[in-house]
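Each remark here refers to the structure printed beneath this line.
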Amino acid sequence: MLNGISINYYILLSAVLFIIGAVGVMARRNSIIIFMCIELMLNAVNLMLVSFSTLHNDAKGQVFVFFIMAVAAAEVAVGLAILSMIYRNIKNIDTDLLSNLKN
Amino acid sequence: MLGYTITQWLFGILSFLAIMFGLMVVFSRNPVNSVLYLVMTFFCIAGHYLLLNAQFLAIVHIVVYAGAIMVLFLFVIMLMNLNEDTEPQRTWLSKIIAAVAGGLMLFVMVGSLKGAGDMGLQQYGNAQIGFVKNLGAVLFKDFLFPFEIASVLLLAAMVGAIMIGKKEAGES
């Protein structure tokens, strides 16, 4: 129990948020929405790390969250640059149209 | 109130809002609305961090995610002029398949949680690990090398983003 709330509820909440992100990645075709759903999945994992860090009273979990934030920022910067490059070339960011490597 | 403490009420409300806004991110047709709902989800998660005694992390989360990353998303969406009319839609069959796959994944996760039982660890007295002083001590003592690597990663990402985004020499 932490703050009168069992850790199981935090695990459940993180799992639900992660699944919402995963379903978004599978169900949408807009590349930017897919990126946002990946952010949502990363945040679900962050919430899990912080809750276990509080449970065990160990600051290392929170430091890990900082590193995940740094990596997420780098990922978003490069990913959005690639997306704007794709948009400049084919005037669309529909993932189904990005099949140049198929043939 | 109804046998629950104020912390439990806050947890319930924040969880409900986070899940609702997360669903709205996936279901809303306009990408700008998706971004705004994702910002609301991040605020709810920051509230969870405050409940978990991770105060500094809550502030950093709002500044980095809501303040920097989502503004970047918003800028790119406005540059591409995306709205409901240009939004590509998947067929109903693939949407249903995605929902079923997600439901099965949730079933596996919740099922494994059910077997775990309640973890009976108690929170110890010190509730100050989320303060800047303690986090800084851990970050610069135990994680100094990963910290430096993260700075190199951010530099590389910055250079990479500029190199990808810039126009080629012969391009119109």
*asked:* Give me the residue from region A:1-12 that is open to solvent by less than 10 Å² (accessible area, probe 1.4 Å) and assigned to a helix (DSSP H, G or I) and, out of that set, nearest to A:Leu97 (Cα to Cα).
replied: A:Tyr10
*When region B:33-66 is examined, which residues are found to be buried (at least 21 other Cβ atoms within 10 Å of the Cβ), over 17 Å from A:Leu17 (Cα atoms) and under 12 Å from the mean Cα position of the chain (by Cα)?*
B:Ala58
*Could you say which residue among A:Met85, A:Met36, A:Met69, A:Met48 is within 18 Å of the chain's Cα centre (by Cα) and over 30 Å from B:Gln128 (Cβ atoms)?*
A:Met36
*Taking the residues in region B:121-139 that are within 8 Å of another protein chain (Cβ to nearest Cβ) and more than 26 Å from the chain's Cα centre (by Cα) as candidates, determine which candidate is modelled with the highest pLDDT.*
B:Asn126
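Restricting attention to region B:12-59, which residues are part of a helix (DSSP H, G or I) and not hydrophobic (A, V, I, L, M, F, W, C)?
Passing the criteria: B:Gly12, B:Ser15, B:Gly22, B:Pro31, B:Asn33, B:Ser34, B:Tyr37, B:Thr41, B:Gly47, B:His48, B:Tyr49, B:Gln55.
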*Considering only region A:1-56, how many residues are facing chain B (nearest Cβ under 7 Å), of a type in the set (Gly, Ala, Ser) and within 20 Å of B:Ala98 (Cβ to Cβ)?*
4
*Show the residue pairs that are 6+ apart or on different chains and have beta-carbon atoms under 8 Å apart, the first residue being within region A:69-84 and free of Cβ contacts under 8 Å to residues at least 60 places away in the same chain, the second being assigned to a helix (DSSP H, G or I) and of a type in the set (Asp, Glu).*
A:Ala72/A:Glu39; A:Val76/A:Glu39
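The values are calculated or read from the model by the stated rules, or taken from the named source; none is laboratory data. Computed from a prediction, not measured in an experiment: that's the story for all the values here. Every residue, glycine as well, gets a Cβ built from its backbone with ideal geometry; the counts of neighbours run over all protein chains shown. For the accessible areas, the whole protein counts, side chains as well, though only heavy atoms, and no ligand, DNA or RNA atoms are used. Shrake-Rupley method; radii C 1.70, N 1.55, O 1.52, S 1.80 Å.
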